[in-house]
Amino acid sequence: MRLAGLTLLGAITCAFAGSILADQKAPTITINPSIFRDRVYACWLGKSIGGTLGGPTEGQQGTHNFTFFDPVPTGQIANDDLDLQLVWLKALEERGPFINARTLGEYWLSFVPVDWNEYGVGKANMRDGIPPPLSGQFRNAKWRDSNGSWIRSEIWACVAPGWPALAARYAFEDACVDHGVAEGTYAEMFTASLESAAFVESDRDKLLDIALSYVPADSGLAKAVRVARQAKAQGLDLMAAREAVVKASEPTGWFMAPRNVGFVVLGWLYGDGDFGRSICDAVNCGDDTDCTGATLGSLMGILVGTKGIPDNWRKPVGDTITNVAIGGFQPPKTLSELADRTVHMAPIVLAARGADVRLLSDAPSAVGAEAAGLVDAVTAKELWARSAYRITYDLIWAKATLDMLGDPEIVEDAARPLKLIVENSTPQPLDVTVTWRTPEGVTAEPAKQVLHLPPAGGGSQEAAVMLRTGQARVAILHGSAELVASGRLTVGVVPFTLVRRLTVDKRDLALASLGAKATSDSELPREAGCTVKAIDGVLAAPDDFEGKRWHSALTPHPHWIAVELPKPSTLGRVILNFADPLGHPVDFTGAVSADGKTWQTVFEERDYADSRGYEKTFAPVEASHFRLTVSRSASPVYVDAAQVGEIELLPK
């Protein structure tokens, strides 16, 4: 089948009627169960083949010259791209079609043990009590534009075939958990809507137009896709087209979504409808090759079915699924089982979400589709308008939206505003008392407010509050807004979490600006001169630490860093602010000295687990020197590294 052709040989007959989510009417879809199942199986099979092809070269920045597997595998290479979707299938089966980002977040914490890149950031934020989409936005500048979300979009397309707006909506809920509202999320909206539409439309240009309609036109993702299409239209060869995509995606760069989705599109454009050539072209562009190969393989599978995937590509990977990124439950063991369970969920999802779906064994196998019916500008704009800083809770009698008004941080002695937006869901007016519950050391002004809500449809009311915190060095602060409506049974609780933005204590004696000096046993060559960073008064953040820390050379432990005060002083408290949370000190010792020769140990820690920092109070001692010795760090990769962001020495 020519992918740019005007007919679709396949499974689904559809008649589209306007905006599918604006008026809650979905396309009427008649699905031939056997042919639909074949397309879904081909999707998962293509995913497995493409991921296995690109797996050995994942992350390499150069180009490749694949024409087939090299080496030829004896089974599927395990891939998180597929693994994570087994968790989402579990969530759909157990929680139903109305799952949202918070549901998926709980499944992340329960069934995804790995902490790779954005996965780890999102999970760490959720463990701290920061919910999606803020979990994917906060402390995630390095990874929120990356590839971890669009690589797991097929499940949403397969349970919403021919309904790209619903697939895009699911994709947003999924991606925002670890990508917030950024390029990574737009990328999954693009791939999910593309794959969903591919069940009912075969024209390549129409499909790209449909998918682009679900992402902001000014996004880096949209620009990379447009440039890929322009390169093909201009007659450039594949490698020249690749360079055009690389240049267009420079603002986000390597290992990020715009560039790699651009490579997927290039593989599709230059593969001329041939399954093997297409995935090889995508992988040959380099970068995140397991992801580009897997995603294009799944799209091709939807379009061509199992008959379009040659046996020589199928046999090396087989039907068995191997896992690498999930645990704690029994996932599907084979692609066949995965396809059967996916196909079972599709009509359940579509029916629950308002689709008019029929499963007919005698449905025609050749159909046409109007692309205009697959574009829903209302839904797209609603998704684009979502804020990473707003979290909505359904209280049954009302909807309450917590607006964090920025990153969830609070600074000592500074006012920190929050806003609660409440909208009545009942036909009667309601009087609602909002009480702000804050942790010890945090004050709320006003602590209590009364909102007078008009009946449903009459607009919302806001409760604004100012929070302040003192000098307590508690890193994570948990509070809530309690909502009580007169005459209603349910008490609403809207939780919030604030991260105390730590600043150097005003009494810190170990500041270079006060004349303190720092020395160390070694420095990482690419961060030469970094020892003084440990006493410069600038605290590193978990997602922004390079150039703001001392980092030892990668020679065997132990490593040490020492501070000499400008004059002898009374010391009774040490605060260590760590840098990279994946490489914090685990075994370490602190000692003080009056002359830099004779040392007195003031603390010794083994198996220390807090990645943020360390604080120790001890009997006051007169000293002019402090030395931290690190004998083991948390990083399983850079086992001989030691690092610390800032050392603070205080009288007490």
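The values are calculated or read from the model by the stated rules, or taken from the named source; none is laboratory data. These numbers were taken from a predicted model, which means no experiment stands behind them. Counting neighbours? That spans all protein chains shown, and the Cβs are built from the backbone with ideal geometry, glycine included. Surface accessibility is based on the protein's heavy atoms, side chains included, excluding ligands, DNA and RNA. Shrake-Rupley method; radii C 1.70, N 1.55, O 1.52, S 1.80 Å.
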Task: Residues that are open to solvent by less than 20 Å² (accessible area, probe 1.4 Å) and over 30 Å from the mean Cα position of the chain (by Cα), drawn from region 535-552 - done: ILE535, SER552
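Per-residue answers, yes or no, for (1) among the basic types (Lys, Arg); (2) farther than 30 Å from THR426 by Cβ; (3) surrounded by 15 or more Cβ atoms within 10 Å (Cβ to Cβ); (4) more than 32 Å from the chain's Cα centre (by Cα):
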| position | (1), (2), (3), (4) |
| --- | --- |
| LEU498 | no, yes, yes, no |
| ASP505 | no, yes, yes, yes |
| ALA512 | no, yes, yes, yes |
| SER520 | no, yes, yes, yes |
| GLU527 | no, yes, yes, no |
| LYS533 | yes, yes, yes, no |
- [ ] For region 488-495, state whether one or more residues are in contact (Cβ under 8 Å) with a residue 60 or more places away in the chain, more than 26 Å from PHE138 (Cβ to Cβ) and not in a loop (DSSP other than H, G, I, E, B).
- [x] no
TODO: Return the residue satisfying two criteria in turn: it lies in region 565-616 and is of a type in the set (S, T, N, Q) and closer than 28 Å to ARG139 by Cβ, and of such residues it is most open to solvent (accessible area, probe 1.4 Å).
DONE: SER611
Open item on the list: Take the conditions of a type in the set (Gly, Ala, Ser), part of a helix (DSSP H, G or I), over 19 Å from the mean Cα position of the chain (by Cα) and buried (at least 23 other Cβ atoms within 10 Å of the Cβ) and apply them to ALA231. Does it pass?
Closed with: yes
- [ ] Examine region 595-606 for a residue that is in contact (Cβ under 8 Å) with a residue 60 or more places away in the chain and closer than 25 Å to LYS517 by Cβ, and state whether such a residue exists.
- [x] no
Open item on the list: Can you find, within region 256-302, the residue that is nearest to ASN147 (Cα to Cα) among those that are within 25 Å of the chain's Cα centre (by Cα) and open to solvent by 10 Å² or more (accessible area, probe 1.4 Å)?
Closed with: MET256
TODO: Exactly one condition in (1) part of a loop (DSSP other than H, G, I, E, B); (2) at pLDDT below 95; (3) out of contact with any helix residue (DSSP H, G or I) (no Cβ under 9 Å at 6 or more places or on another chain) is not met by GLY537; state its number.
DONE: (3)
Open item on the list: within 41 Å of the chain's Cα centre (by Cα) and touching a residue at least 40 places away in the same chain (Cβ under 8 Å): is that true of ARG573 in this structure?
Closed with: yes
TODO: Could you please tell me which pairs satisfy a Cβ distance under 7 Å, a separation of 6+ or placement on different chains, a first residue in region 180-201 that is under 12 Å from LEU166 (Cα atoms) and without any contact (Cβ under 8 Å) to a residue 60 or more places away in the chain, and a second residue that is part of a helix (DSSP H, G or I) and of a type in the set (Ser, Thr, Tyr)?
DONE: ALA192/TYR170
Task: All positions within region 614-628 that are out of contact with any Gly (no Cβ under 8 Å at 6 or more places or on another chain) and either in a loop (DSSP other than H, G, I, E, B) or in contact (Cβ under 8 Å) with a residue 60 or more places away in the chain (or both) - done: GLU615
- [ ] Being open to solvent by 10 Å² or more (accessible area, probe 1.4 Å) and either of a type outside the set (D, E, K, R) or under 14 Å from PRO310 (Cα atoms) (or both) is the filter here, so list the residues in region 33-63 that pass it.
- [x] PRO33, SER34, ILE35, TYR41, GLY55, PRO56, THR57, GLY59, GLN60, GLN61, GLY62, THR63
Task: First in region 284-302 and over 20 Å from ARG204 (Cβ atoms) and in contact (Cβ under 8 Å) with a residue 24 or more places away in the chain, second anywhere and buried (at least 24 other Cβ atoms within 10 Å of the Cβ) and small (Gly, Ala, Ser), Cβ under 6 Å, 6 or more apart - done: THR289/GLY54; ASP290/GLY51; ASP290/GLY54
TODO: State all residues of region 107-135 that are open to solvent by 10 Å² or more (accessible area, probe 1.4 Å), of a type in the set (S, T, N, Q) and within 10 Å of the chain's Cα centre (by Cα); if no residue qualifies, say none.
DONE: ASN117
TODO: Collect the residues in region 613-642 that are within 22 Å of GLY596 (Cα to Cα) and either among the aliphatic types (A, V, I, L, M) or within 29 Å of the chain's Cα centre (by Cα) (or both), keeping them in residue-number order.
DONE: ALA619, VAL621, ALA623, LEU628, VAL630, ALA642
Task: Residues of region 81-111 that turn out to be touching a Gly at 6+ places or on another chain (Cβ under 8 Å) and either part of a loop (DSSP other than H, G, I, E, B) or within 16 Å of GLU154 (Cβ to Cβ) (or both), as a count - done: 2
- [ ] May I ask you to list the residues in region 375-393 that are in contact with a Ser or Thr (Cβ under 8 Å, 6 or more places away or on another chain) and either farther than 23 Å from ALA485 by Cβ or not aromatic (Phe, Trp, Tyr) (or both)?
- [x] VAL375, ASP376, ALA377, VAL378, THR379, ALA380, ARG390, ILE391, THR392
Open item on the list: Suppose we filter GLU188, GLU243, GLU250 for residues that are buried (at least 24 other Cβ atoms within 10 Å of the Cβ) and either of a type outside the set (Val, Ile, Thr) or not in a helix (DSSP H, G or I) (or both); which single one remains?
Closed with: GLU188
Task: Residues located in region 64-79, provided they are open to solvent by 50 Å² or more (accessible area, probe 1.4 Å) and either free of Cβ contacts under 8 Å to residues at least 40 places away in the same chain or closer than 29 Å to MET345 by Cα (or both) - done: ASP70, PRO71, ILE77
Open item on the list: So, in region 255-269, exactly how many residues are touching a residue at least 60 places away in the same chain (Cβ under 8 Å), more than 15 Å from THR57 (Cα to Cα) and touching a strand residue (DSSP E or B) at 6+ places or on another chain (Cβ under 8 Å)?
Closed with: 2
- [ ] Sort out which residues of region 419-437 are open to solvent by 50 Å² or more (accessible area, probe 1.4 Å), part of a loop (DSSP other than H, G, I, E, B) and touching a strand residue (DSSP E or B) at 6+ places or on another chain (Cβ under 8 Å), and write them in order of number.
- [x] SER425, PRO429
Open item on the list: Let me spell it out: the conditions are (1) modelled with pLDDT of 95 or more; (2) under 30 Å from LEU212 (Cα atoms); (3) surrounded by 14 or more Cβ atoms within 10 Å (Cβ to Cβ), and GLU370 meets all of them except one. Which number is the exception?
Closed with: (1)
TODO: May I ask you to list the residues in region 439-466 that are at pLDDT 95 or above and assigned to a loop (DSSP other than H, G, I, E, B)?
DONE: PRO446, ALA447, PRO454, PRO455, ALA456, GLY457, GLY458, GLY459
Open item on the list: Here is a check on your reading of the model: is LYS123 modelled with pLDDT under 95 and closer than 18 Å to CYS176 by Cβ?
Closed with: no
